[in-house]
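Q: Pasting a structure below so you can have a look.
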DNA sequence: AAATTATCTTGACACTGTAAAGACGCGATG
DNA sequence: CATCGCGTCTTTACAGTGTCAAGATAATTT
């Protein structure tokens with residue numbers, strides 16, 4: 001086969017993984033717009049052309065990183081839900097808080113997933129994990145409204161509204177435009193987000209159908 | 001003074017304005033992440049170092065462009081409101097539709113304003129126009145709830161929710177993640193957005209206070 | 001042990017943003 | 001009107017970027 005399991009297989013060991021970790025650090029410190037492949041190579045302690053043997057180009061590296069980000073993103077939401085009450089509305093709020101909190105805790109990864117065109121958005125692995133995340137949202141809305149929202153116009157509007165709400169708040173916070181609720185977040189933490197989503201829940205989510 | 005009014009004052013005429021227009025084209029075609037200052041200069045028909053005399057660096061150019069974008073953004077919302085019924089709820093929906101529609105019609109400028117860290121977000125002109133836009137939203141919420149929302153916690157949550165909703169939907173559409181409602185938009189146009197915002201309006205926006 | 005293959009390095013190229021220095025034309029001043 | 005001065009643009013240069021091609025080295029296979 002190609003490489004050993006543990007570490008130090010060849011010159012570096014598992015360089016592919018090391019590059020992904022270095023890329024995440026680069027992303028956190030420099031931001032997506034100043035992200036540099038040579039910087040990643042430097043962090044990993046290899047030459048500037050080494051990444052080419054593991055990732056075709058920068059876009060491929062960022063795509064792989066976006067895929068692991070999407071996976072973590074999904075698990076962050078599921079973990080929130082696991083700790084919340086099982087009723088549909090509580091589950092909806094939990095995933096929403098998880099959505100926003102992940103963005104705040106991982107602004108670089110979040111912007112990579114949703115705010116950059118550099119990752120190839122049709123990558124199978126990325127699509128898979130992103131779809132998983134989306135399905136959480138759809139299921140939440142489905143459980144609240146007791147139907148498959150994607151099958152009717154009103155349901156689709158509801159899904160888009162729910163997604164848009166958490167996505168917009170996440171984006172605003174990550175973009176440094178959260179001054180409206182920064183003080184509340186400082187004081188109440190996640191509870192403020194719960195209140196926000198709860199207050200913003202439209203009537204169509206409270207009733208079975210309509 | 002420095003230059004004539006009409007055109008062709010010196011070698012180029014009003015190069016500053018020409019650069020801003022060229023930058024907008026560059027932004028539309030290449031996107032913010034592939035935006036190139038030399039590309040802008042080429043479009044304007046000047047040497048690659050010419051922009052330096054009108055904008056200190058690329059960030060300064062993008063900042064100026066973001067400022068004009070913010071101004072247009074504000075006017076787009078106001079224009080929508082001027083054509084809508086005068087009641088608070090209709091005004092709120094109108095500005096929301098204007099918000100989202102501007103993003104869809106000007107994805108480059110929208111991403112520049114909200115999704116990029118390259119413009120200097122503390123630029124006075126940019127801050128001024130951005131604040132104007134924000135004030136539209138605050139006023140809408142204020143008119144619906146009959147109070148200054150920024151003065152109480154619940155009001156701030158409402159403002160953030162309203163902003164987040166339209167901002168999130170706009171972002172998703174601009175990021176090519178609008179598949180949930182793309183068909184509806186294709187069919188009904190802005191009316192679909194009106195329905196979306198209307199359905200998503202939380203109960204706290206319908207009643208005077210509480 | 002020798003050959004093959006995978007992995008990484010070195011060097012090169014075209015491109016980027018920015019700085020410094022020079023050329024040019026316009027407006028103001030004598 | 002001629003000249004100066006200054007604002008405007010160009011040329012040249014440099015450090016940095018992503019990517020390609022060729023070479024070197026270690027690990028695996030035969």
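We did not get these values from a lab; they are worked out from the coordinates using the rules stated. Keep in mind it's a predicted model, so treat the numbers as computed, not measured. Glycine also receives a Cβ, built like all others from the backbone with ideal geometry; neighbour counts cover every protein chain displayed.
Q: Calculate the length of the line joining the C-alpha centroid of region B:79-120 to that of region B:142-184, in whole Å.
A: 11 Å
Q: Can you give the angle from 0 to 90° between the axis of helix B:88-105 and the longest principal axis of chain B, with both taken from C-alpha atoms, to the nearest 10?
A: For helix B:88-105, the angle is close to 30 degrees.
Q: Oh, and also: So for each of B:149-156, A:59-66 I average, over its residues, the number of other beta carbons within 10 Å; can you give me the resulting order with the highest mean first?
A: Ranked from most to least packed, the peptides come out as A:59-66, B:149-156.
Q: Using only atoms on other chains, find how many Cβ atoms lie within 10 Å of each Cβ of peptide B:172-184 and report the average.
A: 5
Q: Could you check which residue among A:91, A:105, A:81 shows the biggest mean-square fluctuation in a GNM of chain A with a 10 Å Cα cutoff?
A: A:105
Q: Which chain A residue comes nearest the axis with its C-beta when you rotate A onto B, and by how many angstrom?
A: Spelled out, residue of A and its Cβ distance from the axis onto B: A:168, 1.
Q: Same structure again: How far, in nm to one decimal, is residue B:191 from itself in the other copies if the label point is set 7 angstrom along Cα toward Cβ? Shortest first, please.
A: Distances between equivalent label points, in nm: 4.6.
Q: Further question: Sort the following peptides by mean Cβ neighbour count (other Cβ atoms within 10 Å, averaged over residues), highest first: A:164-174, B:24-34.
A: The densest-packed peptide leads the list: A:164-174, B:24-34.
Q: Take every residue in peptide B:142-154, count the Cβ atoms of other chains within 10 Å of its Cβ, and give the average of those counts.
A: Values: counts 0, 0, 0, 0, 0, 0, 0, 1, 1, 0, 0, 7, 3.
Shielding by partners across B:142-154 averages 1.
Q: Run the label-point distances for residue B:86 please: 7 Å along Cα to Cβ, every other copy, nanometres, shortest first.
A: Spelled out, the distances from residue B:86's label point are 5.5 nm.
Q: Now for a separate question. Taking a label point 7 Å from Cα toward Cβ, how far is residue A:127 from its twins in the other copies, in nm, shortest first?
A: Between copies, matching label points for residue A:127 lie 4.6 nm apart.
Q: By how many degrees, 0 to 90 and rounded to 10, does the Cα axis of helix A:15-30 deviate from the longest principal axis of chain A?
A: 60 degrees
Q: What angle do you read, to the nearest 10 degrees and between 0 and 90, between the alpha-carbon axis of helix B:153-174 and the longest principal axis of chain B?
A: With both axes taken from Cα atoms, the answer is about 50 degrees.
Q: Which whole number gives the average count of other chain Cβ atoms within 10 Å of the Cβ atoms across peptide B:26-33?
A: 2
Q: With runs of 4+ DSSP H residues as the only contributors, calculate the mean residue ellipticity of the protein assembly as shown at 222 nm using -39,500 (n - 2.57) per run, divided by the residue total and rounded to the nearest 500.
A: Computed ellipticity for the protein assembly as shown at 222 nm equals -21500 deg cm²/dmol.
Q: Moving to a separate point now. With a/c under 1.5 counting as rounded, go ahead and sort chain B into rounded, prolate or oblate using the C-alpha gyration tensor (a ≥ b ≥ c being the square roots of the eigenvalues; past the cut-off, prolate if a/b is larger than b/c, else oblate). Could you put the intermediate results ahead of the total?
A: Numbers: a/c = 2.46, a/b = 1.93, b/c = 1.28.
Prolate.
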